[in-house]
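Throughout, read-outs are computed from the coordinates displayed, never taken from laboratory work. Being a predicted model, the structure only gives us computed values, none of them experimental. No Cβ is skipped: glycine too gets one built from the backbone with ideal geometry, and neighbour counts run over all protein chains shown.
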Amino acid sequence: MIELVIPTLYKEPALTNLKEMLPKYLKYDLVSHVHIIDNGLAFDEHFPFYEDLEPKLKVHKPQKYNDWMINKAWNKGVGFCQDQSIVGILNDDIIFDLDIFEYIAYFSEGMGILGMHDTNYKCEEKRYEIVDIPQHCMGWGCAIFFDKWNWSIIPDEIKLFYGDTWQFHMNQVPCKALKGVPMKDSRISATLSNGELIKGFTEQYKKDTEQFNKLAQQKDYNLGYIKHEF
């Protein structure tokens, strides 16, 4: 089964894409749970009645607004999933055909950490293919699929950026890309480009860059994947 993790601050315009996709995720037989990481503390406002009526849906709220900045949200979301699950971490602003879940489940053995290929965001013809890539490309981290225990926990020192980079360079499990997925209607980076947040994100980028470079230089952080307790 596949469990989905969706962190959100509700900054995608009108929440059009999430409102379209969430009911589809919940109705899909191969999806056992959808974990909303409610960093914006506003799920009940935007999605009334969902929490009480949908047993597949799990809403997780930090104590403070955006307290689980994205990398922590990813880590926590993975921790909420069952050990035997395939985990999918999804942006709240993407649109795609859910039959990729069938493809991913079928080819899950040996898929490693599977993100999206950068050509998907202009792709119009569906033709799924798992390909090797040397480093993460634009949009790779908008949808990432993996066996739970293949996830390498992102250190607390890096908050917002470099989470996908961490998987590529600090995880012995190979990172690959799923190509041929039409996603041209997605609004990737809708949150990062939000005018209210740009200043704070720019400052955080500088901090995360400094911290990532420090971590990357430490031998202990370059040993690859170590099984973690979530």
message: For a quick check of your reading of the model, give me the residue pairs whose first member lies in the range 152-169 and is crowded, with 23+ Cβ neighbours inside 10 Å, whose second is among the small types (Gly, Ala, Ser) and in a loop (DSSP other than H, G, I, E, B), with beta-carbon atoms closer than 7 Å and at least 6 apart or on different chains.
response: GLN167/SER152
query: Within the range 41-94, can you find the residues that are of a type in the set (A, V, I, L, M, F, W, C) and free of Cβ contacts under 8 Å to residues at least 40 places away in the same chain?
result: LEU41, ALA42, PHE43, PHE47, PHE49, LEU53, LEU57, VAL59
task: Could you tell me whether the range 123-130 includes any residue that is touching a Gly at 6+ places or on another chain (Cβ under 8 Å) and surrounded by 14 or more Cβ atoms within 10 Å (Cβ to Cβ)?
output: yes
- prompt: So, of the residues in the range 69-93 that are β-branched (Val, Ile, Thr) and within 11 Å of the chain's Cα centre (by Cα), which turns out to be farthest from ASP38 (Cα to Cα)?
  reply: VAL87
